[in-house]
């Protein structure tokens, strides 16, 4: 029996914008969002020129905006983001592709460097699976630290292989839009780079 699985990057592939940035703006407001970017510009520049890693830059930003916030508040904001902001960020062609694959009986997995918190409510509503970056919570508060590795680049492949036996599938579809998705795209028997633009 033919089995199909499809792995979709989220930010930039299924969405039009980076949802980490959009979530910060949504939950903290535009003024605090832009002020934080100005204050943290040395870190962002260091990341852009390759001095620090994607994970280090992301943890810095998460700590700056959310460290010490109660996890309950953070999750409420994440769920509101899915309800109020995410629909306007989704690419219609990507949603159409996901629905087509679902109707054909494929297993669908979102594989994202963004935190699972502000994606999971949407993936649950779509009845698809999620592998995303996981945040460390201590004493019911956000630490800004990432559990394990940021789900980016080769870590996407590790997380996929940890959960799925790819040899059980006859067709493996992969969708991505940046160099951080290329290791995942190499898993595909059918692969798409920047497919919905």
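The values are calculated or read from the model by the stated rules, or taken from the named source; none is laboratory data. Given the structure is predicted, the values throughout are model-derived calculations rather than measurements. Positions of Cβ are backbone-derived with ideal geometry, glycine not excepted, and every protein chain shown enters the neighbour counts.
Worth a mention:
- Each residue in the range 130-156 was checked for being closer than 15 Å to residue 8 by Cβ and touching a residue at least 24 places away in the same chain (Cβ under 8 Å), and 5 pass.
- Residue among 54, 71, 40 that is under 18 Å from residue 133 (Cβ atoms) and more than 16 Å from the chain's Cα centre (by Cα): 71
- Residue within the range 117-124 that is in contact (Cβ under 8 Å) with a residue 60 or more places away in the chain and surrounded by 12 or more Cβ atoms within 10 Å (Cβ to Cβ) present: yes
- Verdict on residue 68 being modelled with pLDDT of 95 or more and at positive phi: yes
- Yes/no for residue 102 being under 19 Å from residue 4 (Cβ atoms), surrounded by fewer than 16 Cβ atoms within 10 Å (Cβ to Cβ) and touching a strand residue (DSSP E or B) at 6+ places or on another chain (Cβ under 9 Å): yes
- Looking only at the range 4-48, residues that are touching a residue at least 60 places away in the same chain (Cβ under 8 Å) and more than 30 Å from residue 105 (Cα to Cα) come to 3 in all.
- Checked against (1) under 14 Å from residue 9 (Cα atoms); (2) surrounded by fewer than 19 Cβ atoms within 10 Å (Cβ to Cβ), residue 108 passes all but condition (2).
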